[in-house]
Amino acid sequence: MKYVLLTLISAMLLSVSWPTYGVPFFIFFALVPLLMMEHGISKFSGYKRKSWAVFGLSYLCFVIWNVVTTGWLYGSKNPDGSHSLMAVLFPVLVNSLLYALMFQCYHWYKNAQGTYWGLGFLIAIWMSFEKFHMSWELTWPWLNLGNVFSDYPKLIQWYDTLGATGGSFWILLTNVFIFYTLRTWEAGRKRKELIKNSSVIATLITVPMIISIIKYNNFNEKPSGQVNVLLLQPDLDPYAEKYSKDSLTIEQDLLSLAEKNSTTKIDYYIAPETALPGRGSISETGFEKSLLLNNLKDFLSKHPGSVFATGISSHRLYFDQASLPKEAYQVNNGVWVSSYNTAVQLAPDQKVQVYHKGKLVPGVEIFPYMSVLKPVLGNAMLNLGGTVASLGVDKERIAFSNPYNKGKLAPIICYESIYGEFVTDYVKKGANFLGIMTNDSWWGVTEGHKQLLSYAKLRAIETRREIARAANSGISAHINAKGEIEADTFYGDQTALFAKINLYDTMTFYTRAGDLLSRFSIFALGFLLFYFLIEKFRNRTKKI
């Protein structure tokens, strides 16, 4: 029961630390009870199968954490309107399993190499796992530890140097040192050493925060310009209304919303992810002839100097099997199609600027490792509310240039806004402000849309770019370069939000270097594994 209690305490501390309802300061010692549980079972318990006990209890901890923080996934619905239990069970159970396997590796390494080497291994493998979890096709970095302070931007201004992954390193290092302090106190009861270690812990926690507050109070970067942006929030029900309404009616409602709120000169109209069309998609070979897109250009001709950026669903047809992209699927004899979640920017007498979403939601927009899993699963993914195909992606980020002013928009589409280093690629392409087009309406009134908005603040700090966020049902927001929300909307309102967006051109250290600590951690992990193998080989040689 002692070990179960320690496990539950860690699960509780991890859960209550999380945005947008928690207190993040618990995260600095949230892993300590879990580490105590592992150490107690390894060194002092009489269990015959200690590894199984550690795995089972750590899995319990991570399941509880995942359920509490991402249980809002249950808000998504099946096509018949019922809630999908598998939409939450699959990601929760699989994600928890990955965390538990990572912790199990720490358990094995610590028992083989000793506590101190093991604690270094824990930091290295956790950081490497978070980086891996941002890169593969089952990507789900929602619970990366550095995200936890997203609602406290004043305390993490140094993320412009090391990013949210630097925050993960900070949290892991503090947890490990607190555990080390407890172990040395239990072993020796030396008050002088306890005071010294406690001072180190206090320094680890407070110095980055003090640096952050200083950076916050001294932020005086001069913008290179300013643009007026109108963020459109049509509040279109994504399950029924979007597919039952005529596309022209949906567009007219959107333009009426834009016209009604155009009380001053607007440089950018920004609409949400897949705002157009209703049912179906727009052919990319016919963009210049599309009635929907030309209606937007006609609207802009009445508002000289304005551009319109919006999310759309688009597709491209192929008639030659030899030139097919890997995501294309057959729709008829001799006809294949690639579908895209797309951002476009339009201006009168200008070619349509196009970007295809590069980070896809597993199971919904991408069938992970389809060539391997589809023969095994068949249509099972579709039965779970997912997809049997994958959307196409752009391999590189782009920035939409504006023919009328200095604005260069980063067309970030929904899920992409979770990825720090990924977003810096837009800035490297010249973007001087970030535009997030998103549709968070799939989960209803839950923590999902709030957390996604909160994570956007991290991207503002990392890149020192202001954010114009247009969400279908909300929350649409203007976020400044210090990660603070200047103005936002209510969820569920059909409305528009006007924002004066400052343009910044300087690049932060994080924008140039990316997830530097993650790369160092991967190198450290390789070194620790290599060192373990060398030691094992030397010991075997000595025995011989």
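The values are calculated or read from the model by the stated rules, or taken from the named source; none is laboratory data. Since this is a predicted model, take the numbers as computed values, not measurements. Ideal geometry is used to build each Cβ from the backbone, glycine not excepted, and the neighbour counts take in all protein chains shown.
Points worth noting:
- Close pairs (6 angstrom Cβ cut-off, 6 or more residues apart or separate chains): under 18 Å from His478 (Cα atoms) in the stretch 216-229, assigned to a strand (DSSP E or B) and small (Gly, Ala, Ser) anywhere: Val229/Ala468; Val229/Ala499
- Exactly one residue out of Thr139, Thr181, Thr161 is over 20 Å from the mean Cα position of the chain (by Cα) and either surrounded by 18 or more Cβ atoms within 10 Å (Cβ to Cβ) or of a type in the set (S, T, N, Q) (or both), and it is Thr181.
- Entry remark, the stretch 66-100: residues being part of a helix (DSSP H, G or I) and either farther than 18 Å from Pro368 by Cβ or touching a residue at least 24 places away in the same chain (Cβ under 8 Å) (or both) number 23 in total.
- Which numbered condition Tyr21 fails, given (1) under 21 Å from the mean Cα position of the chain (by Cα); (2) hydroxyl-bearing (Ser, Thr, Tyr); (3) at pLDDT 95 or above: (3)
- Of all positions in the stretch 95-102, at least one carries a residue that is assigned by TED's automatic domain parsing to the domain that holds Leu182, closer than 18 Å to Pro141 by Cα, among the aromatic types (Phe, Trp, Tyr) and at pLDDT 95 or above.
- Only one entry in Trp142, Trp158 is farther than 22 Å from Pro368 by Cβ and touching a residue at least 24 places away in the same chain (Cβ under 8 Å), namely Trp158.
- Scanning the stretch 255-289 for residues that are assigned to a helix (DSSP H, G or I) and in contact with a Lys or Arg (Cβ under 7 Å, 6 or more places away or on another chain) returns Glu284, Thr285.
- Restricting the stretch 392-407 to residues that are out of contact with any Ser or Thr (no Cβ under 6 Å at 6 or more places or on another chain) and more than 18 Å from Val427 (Cα to Cα), the residue that is surrounded by the fewest Cβ atoms within 10 Å (Cβ to Cβ): Pro403
- Among the residues of the stretch 467-487, those that are under 15 Å from Gln157 (Cβ atoms) and not in a strand (DSSP E or B) comprise Asn480, Ala481, Lys482, Gly483, Glu484.
- Top-ranked residue in the stretch 488-515 [being assigned to a loop (DSSP other than H, G, I, E, B) and among the aromatic types (Phe, Trp, Tyr); ranked as nearest to the chain's Cα centre (by Cα)]: Tyr491
- Pair list, Cβ under 6 Å, 6 or more apart: the stretch 312-330 residue closer than 24 Å to Leu291 by Cβ, other residue hydrophobic (A, V, I, L, M, F, W, C) and part of a strand (DSSP E or B): Ile312/Leu276; Ile312/Ile282; Ile312/Val344; Ser314/Ile282; His315/Val337; Leu317/Val337; Tyr318/Trp336
- Number of the condition not met by Ile485 [criteria: (1) hydrophobic (A, V, I, L, M, F, W, C); (2) within 24 Å of Lys215 (Cα to Cα); (3) buried (at least 24 other Cβ atoms within 10 Å of the Cβ)]: (3)
- Leading residue by the ranking (modelled with the highest pLDDT) among those in the stretch 68-78 that are of a type outside the set (Ser, Thr, Tyr) and in contact with a Phe, Trp or Tyr (Cβ under 8 Å, 6 or more places away or on another chain): Val68
- Residue in the stretch 381-391 that is surrounded by fewer than 19 Cβ atoms within 10 Å (Cβ to Cβ) and either at pLDDT 95 or above or part of a strand (DSSP E or B) (or both) present: no
- Within the stretch 294-320, considering residues that are over 35 Å from the mean Cα position of the chain (by Cα) and part of a helix (DSSP H, G or I), the one nearest to Ser256 (Cα to Cα): Asp298
- Residues of the stretch 392-434 satisfying the condition of being under 29 Å from Val148 (Cα atoms), part of a strand (DSSP E or B) and either more than 20 Å from the chain's Cα centre (by Cα) or among the aliphatic types (A, V, I, L, M) (or both): Leu409, Ala410, Ile412, Ile413, Leu434
- Criterion: within 30 Å of Ala271 (Cβ to Cβ), touching a Phe, Trp or Tyr at 6+ places or on another chain (Cβ under 9 Å) and modelled with pLDDT under 95 - qualifying residue of Glu193, Glu221: Glu221
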